[in-house]
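Report on the structure given below.
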Amino acid sequence: MTYENIIVERRDGVGLITLNRPEALNALSCPLLRDLAQALDDLESDNQIGAIVLTGSEKAFAAGADIKEMQEQTWPDLYVANYMTVDGDRMSRSRKPVIAAVSGYALGGGCELAMMCDFILASESAKFGQPEVTLGITPGLGGSQRLTRFVGKSKAMEMCLTGRMMDAEEAERTGLVSRIIPGDGLVDEAMKTATKIAAMSTPVTMMIKEAVNRSYEVTLSEGVRFERVMFQAAFGTEDQSEGMAAFVEKRKPVFKNR
Ligand code: DAK
């Protein structure tokens, strides 16, 4: 499958998606989001793929939704078409682990897209922000909700109300980013990390992802109950037998995703 606005590669069980609209700093137009949703469908239905990396360019992960595309839209246009919603939210429905590798600007919808991924690795140049307020609109792809859960109310409120950007160091300090990768090794490190995840049992990494995400939705006791069910379910896989046998036999496990 070829795409106009993204590049998709497959390596060692990992799908690498690169946003590719350099002329617009990877602004998230509807065609780009359609490509991204299609690529996620393809990679998620590919049994050879155990993890996904989403990245942009050195200058921009994505500078937000496409302002030029949005400019002439009216409220009925957006409401009736449910503008950007289905494809824009597709990442949050991905079931396989996804790492965002962020260099440069991750603004508005770009920041929101990165936050829909499972964790964010950032280069030193990364800048995160929700500048929608400067355009006379509110965040629209979950920024007011996810950013608040990542960095707390005070910082989220300041960023959403003023459009102030957060640099990589502040993003790591506040928990938005899991690690900063120095120099130009960001995508290599993201691929290395994703390859490690892809070598695990895919049903188990999917269950772990589901369990961690459940912590955002339910009470602690309900979340722990859900985790327990996942834990018990893992014993229904051949990979549990293999993982434990490999430990006892002092060898590396070979998971079969069964
Ligand atoms: N949209 C369209 N084009 C963009 C763009 C964007 N978001 N960001 C940059 N570009 C284009 C510029 O217009 C310019 O194009 P030309 O003029 O060369 O044709 C080219 O990319 C290079 O940009 P600059 O010349 O501005 O580059 P600089 O280095 O000077 O500045 C910048 C970089 C990132 C600081 C600046 O480009 C900038 O401020 N960009 C806009 C950032 C922004 O405001 N982002 C938030 C957009 S609003 C929803 C879902 C999501 C959303 C809404 C609703 N629903 C589900 C309903 C999301 C909304 C947003 O994200």
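One table, with the values for the structure above:
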read-out	value
Net dipole in debye of the chain [+1 Lys, Arg Cβ; -1 Asp, Glu Cβ; about Cα centre; nearest 20]	860 debye
Euclidean distance of C-alpha centroids, region 11-78 and region 169-197, integer Å	19 Å
Neighbour-count order for MET1, MET166, MET84, fewest beta carbons within 10 angstrom listed first	MET1, MET84, MET166
Projected area, mean over directions - region 1-75, Cα convex hull, nm²	5.7 nm²
Per-peptide average of other Cβ atoms within 10 Å, ordering 13-19, 206-212, 243-249 highest first	13-19, 206-212, 243-249
Under-5 Å amide H pairs with ILE6, H placed in peptide plane, nonlocal only	ASN20
Orientation-averaged projected area, Cα convex hull of region 70-185 (nm²)	7.6 nm²
Ranking of VAL53, VAL204 by count of other Cβ atoms within 10 Å, fewest first	VAL204, VAL53
Set LYS127/LYS192; LYS96/LYS256; LYS96/LYS192 screened for pairs whose C-alpha atoms are more than 18 Å apart	LYS127/LYS192
For peptides 133-139, 104-110, 32-38, 65-71, sequence by mean Cβ density within 10 Å, most packed first	104-110, 32-38, 65-71, 133-139
Among ALA194, GLY183, PHE150 - extreme Cα towards positive end, dipole of region 142-247, charges at beta-carbon	PHE150
Amide proton proximity set for ALA27, modelled H, under 5 Å, gap of 5+	ALA63
Given charges at Cβ of Lys, Arg, Asp, Glu: the chain dipole, positive-most of SER92, ALA63, GLY104	SER92
Derived scalar couplings ³J(HN,Hα) [region 81-98; Karplus, 6.51 cos²θ - 1.76 cosθ + 1.60; whole Hz; x for Gly, Pro]	7, 6, 3, 6, 6, 5, 6, x, 8, 3, 4, 5, 9, 5, 9, 8, x, 10
Per-residue [θ]222 nm for the chain (sum of -39500 (n - 2.57) over DSSP H runs n ≥ 4, rounded to 500)	-13000 deg cm²/dmol
Hz values of 3J(HN,Hα) by residue in region 62-72 - Karplus curve (6.51, -1.76, 1.60), Gly and Pro given as x	6, 8, x, 4, 6, 5, 5, 6, 7, 3, 8
Residues whose placed amide H lies under 5 Å from that of LEU16, excluding near-sequence neighbours	GLU9, ARG10, ARG11, VAL53
When the convex hull of its Cα atoms is projected in every direction, mean area for the chain (nm²)	15.1 nm²
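Read-outs: derived from the displayed coordinates by stated rules, not from any lab. Predicted, not measured: the structure shown is a model, and the values here were computed from it. Heads up, the Cβs are rebuilt from the backbone with ideal geometry, glycines too, and the neighbour counts pull from every protein chain shown.
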